[in-house]
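The values are calculated or read from the model by the stated rules, or taken from the named source; none is laboratory data. Predicted, not measured: the structure shown is a model, and the values here were computed from it. FYI the Cβ positions are ideal-geometry reconstructions off the backbone, even for glycines, and counts take in every protein chain you see. These accessible areas exclude ligands, DNA and RNA; they are computed on the full protein's heavy atoms, side chains included. Shrake-Rupley method; radii C 1.70, N 1.55, O 1.52, S 1.80 Å.
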Amino acid sequence: MALPGLVIAVACIGDTLIYAVLPLYHEDFGVSLAMVGVLLSLNRWIRLLANSGVAAIGERVGPHALMVMAAIGSVVSTTLYGLVESDAVQIVARMLWGISFAALNLSTLAYAVSDRANAGKRVGASRAAMGIVQAMALVGGAWIVLQAGPRSVFLIFGGLTLISLAAALLLPRLPREVGDRKPFRLPVPHRLETWGFVMGFSGDVVFLLTLAFLMKDSITWVAPVMATAMLLALRWLVEITTGPLGGWIGDRFGARRIAIVNGTLLVLGFALIALGHELLGALVIVMTRGMFNTLIPVLVLERGKSSVLSSQASYSTWRDFGAAVGPLSAPWLFLNVPQAALYAALAALMGITAYFCLVRR
């Protein structure tokens, strides 16, 4: 997993940093504040439509070729962020990145589960490598922003992303896995896909965005872009430790059992925030999210009824759907719904979904 982990980790550095930079420096990129939310969710909407199509392409050309094409897309999209000051160019870059990440995600998982007996450990190792690189990119990128400017950093990162292309070209080739030949259509959501939607909406977006609103005035001793980068880097650093641990535990005791325990802790984290224990609840949520990112691909592999790429694409599509809806609704929810009521509702939603999607066979 060293090479595929390196490909996706380095390819993601531009997308990771843009969440810290674009809201604070949107005028430097030629976009309005209203457009920021659209741009940050656009890649998710594109992935929602692209996952099944990318899986079909991957089954035809194989994970290796898919990874190379995705690495090229990541180099181009990252460079475009800093190259041109234009709404249209930023939209094109985010759309290209959405397609590229769909391909990166599915091909990396294909390499991970090629050794099914150790799939959890392999996914965990990949997530840990990704976490290390993203944490370094966030803090280092924020420092470059303060020294060279918000657009220059993406030109520099575009050059660094060429490392992902070199690593992709060195990957071993896996045999193509041909699924059922059916016309392209969006996947029908089953239980794991429903859980993915709720995770994407609540855990990936609403939690992260509202947490930033709650804590943005608490960190005043560094520049805002550095404070934001450090907060996002903390999330990745937690995943570095929980990812491999979750993979090892899942392989040893079964992914379903650990997912049930993890889901219970995740609901507890939302409930703690609703009760006013923001720091403790946030810590629980961040840790359980990191472990779920390792466990879910193994669960999908165990329950999937079609090819690996198609099964992973179906889950990823619905998680992306939840994460795409989140940026458009989270700011309104935070400003109009009291914190206790919002997080109590999210805890109830996740608790019900976890029971029907994870606990019930």
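What the table shows:
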read-out	value
Two-site label geometry, R252 and V139: point separation in nm, points 7 Å out along Cα→Cβ	2.9
From phi via Karplus (6.51, -1.76, 1.60), per-residue ³J(HN,Hα) for segment 16-21 in Hz, x at Gly/Pro	4, 6, 5, 5, 8, 9
Solvent exposure, largest accessible area first (probe 1.4 Å, DNA, RNA and ligands not counted), of R289, R257	R257, R289
Exposure of L279 as accessible area (Å², to 10), given a probe of 1.4 Å and all protein chains	140
Under the Karplus curve 6.51 cos²θ - 1.76 cosθ + 1.60, θ = phi - 60°, whole-Hz ³J(HN,Hα) for segment 46-61, x wherever Gly or Pro sits	5, 4, 4, 7, 8, 4, 5, x, 5, 4, 5, 5, x, 5, 7, 9
Nearest-0.05 FRET efficiency for L280 and S32, computed from C-beta distance (R0 41 Å)	0.65
Area of M130 that stays accessible when all protein chains are in place (1.4 Å probe, Å², to 10)	10
Inter-label distance, nm, simple model (7 Å from Cα along the C-beta direction), D87/W332	2.0
